[in-house]
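Asker: To start, I am sharing the structure in question, which I have written as structure tokens.
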Amino acid sequence: MSSASITIHWPHGPSTQAAPGTDWLDAAHQAGWSIPTGCMGGSCGACEIEVNGTTVRACIATVPASKSGELRVEQASDPYW
Ligand code: FES
């Protein structure tokens, strides 16, 4: 059942379902949360989020598979933004 959709817990409250491989920006949009973006190419870091405690750049990353079937997203604490 590893390809089942993932439950994503968003920092503003709601939880949504997304299939592994979904773009983070799309998944966030579906949840009504907008991830700030800049370069859209993976170099500026404006779009950083934390997924289960690991910082990822949302513009170039996709929803990973999760053994537990759940992922917790936090806004990355970046002193520059
Ligand atoms: S928007 Fe620049 S790294 Fe994602």
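The values are calculated or read from the model by the stated rules, or taken from the named source; none is laboratory data. Since the model is a prediction, treat every value here as computed from it, not as a measurement. Counting neighbours? That spans all protein chains shown, and the Cβs are built from the backbone with ideal geometry, glycine included.
Asker: Taking the range 12-53, which residues are under 10 Å from the mean Cα position of the chain (by Cα), near the ligand (Cβ under 9 Å from one of its atoms) and touching a residue at least 40 places away in the same chain (Cβ under 8 Å)?
Answerer: Answer for the range 12-53, where residues must be under 10 Å from the mean Cα position of the chain (by Cα), near the ligand (Cβ under 9 Å from one of its atoms) and touching a residue at least 40 places away in the same chain (Cβ under 8 Å): there is none.
Asker: Which pairs turn up if I take residues in the range 54-76 that are under 16 Å from residue 16 (Cβ atoms) and at pLDDT 95 or above and look for partners that are more than 14 Å from the ligand (Cβ to nearest atom) and of a type in the set (Phe, Trp, Tyr) with beta carbon separation below 8 Å, at least 6 apart in sequence or on another chain?
Answerer: What qualifies is 73/10.
Asker: With the requirement that a residue be touching a strand residue (DSSP E or B) at 6+ places or on another chain (Cβ under 7 Å), over 17 Å from residue 67 (Cα atoms) and not aromatic (Phe, Trp, Tyr), what does the range 17-38 give you?
Answerer: Within the range 17-38, 23, 27, 30, 31, 35 meet the criteria.
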